[in-house]
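Report on the following structure.
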Amino acid sequence: MHQKTSLEYLLLNSYKSDLIAYIELHPEDFEELVELSVSDKQPYSWRAAWLLWSCMANNDKRIHKYIKKIIEILAYRNDNQQRELLMILQRMAISTAYEGRLFDLCINIWTNINKNSSLRFNAFKIMYAISKKYPELSSEIKLMTDDCYTGNLSDNVKKSIHKILRKQD
């Protein structure tokens with residue numbers, strides 16, 4: 001049987017504020033946190049990713065080397081972990097080399113109306129951010145807000161999407 005590390009134990013048995021404090025006091029465990037975030041070691045992986053985006057700096061240099069891997073594994077993780085990984089990527093500067101793949105992955109998530117609203121909304125935010133750099137994608141973004149894609153979203157998510165789009169106009 002797998003022996004839990006201190007971090008793994010804490011991920012399952014601590015409140016988020018305590019976890020953030022732990023990482024601040026134990027920066028040597030940050031690398032393990034990132035590794036768990038990109039692994040498929042449930043239930044630790046999605047919780048590690050959930051914690052990571054709260055412990056990282058914007059465009060955190062410690063995460064740069066993982067951007068490619070996060071994008072490569074994104075489609076193969078469960079919805080909870082996907083959402084948290086997208087939240088990490090939103091805080092990073094994504095190289096143009098990865099933007100196309102990431103945009104496509106986000107479209108796949110967004111257009112899957114069976115996925116949860118929070119995951120889909122985070123995919124939409126990345127799609128929108130990429131489209132700001134490439135104006136030719138803005139019409140595609142508007143098409144993605146058709147009722148067939150937004151009909152089953154919560155009212156709050158719909159309002160947030162319309163607010164984002166109003167900024168574009």
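The values are calculated or read from the model by the stated rules, or taken from the named source; none is laboratory data. No experiment lies behind these values; they were computed from the predicted model shown. Note: ideal-geometry Cβ built from the backbone for every residue, glycine included; neighbour counts use all protein chains shown.
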So, residue 126, is that one more than 25 Å from residue 13 (Cα to Cα), under 10 Å from the mean Cα position of the chain (by Cα) and of a type in the set (A, V, I, L, M) or not? yes
Among the residues of region 72-82, is there at least one that is of a type in the set (Phe, Trp, Tyr), modelled with pLDDT of 95 or more and under 12 Å from residue 123 (Cα atoms)? no
Working carefully through the options 93, 57, find the one that is aliphatic (A, V, I, L, M) and under 30 Å from residue 149 (Cβ atoms). 93
Just checking, how many residues over region 32-72 are in a helix (DSSP H, G or I) and acidic (Asp, Glu)? 3
Looking at region 159-169, which of its residues are in a helix (DSSP H, G or I) and not aliphatic (A, V, I, L, M)? 159, 160, 162, 163, 166, 167, 168
Got a sec? Which of 122, 152, 156 is without any contact (Cβ under 8 Å) to a residue 60 or more places away in the chain, assigned to a loop (DSSP other than H, G, I, E, B) and outside the structural domain of residue 45 (by TED's automatic domain parsing)? 152
Exactly one of 109, 88 is modelled with pLDDT of 95 or more, crowded, with 18+ Cβ neighbours inside 10 Å, assigned by TED's automatic domain parsing to the domain that holds residue 145 and in a helix (DSSP H, G or I), and that one is 109
Exactly one condition in (1) more than 22 Å from residue 86 (Cα to Cα); (2) hydroxyl-bearing (Ser, Thr, Tyr); (3) at pLDDT 95 or above is false for residue 5; which is it? (3)
Residue count, region 125-149, condition farther than 22 Å from residue 98 by Cβ and either among the polar types (S, T, N, Q) or in a helix (DSSP H, G or I) (or both), comes to 7
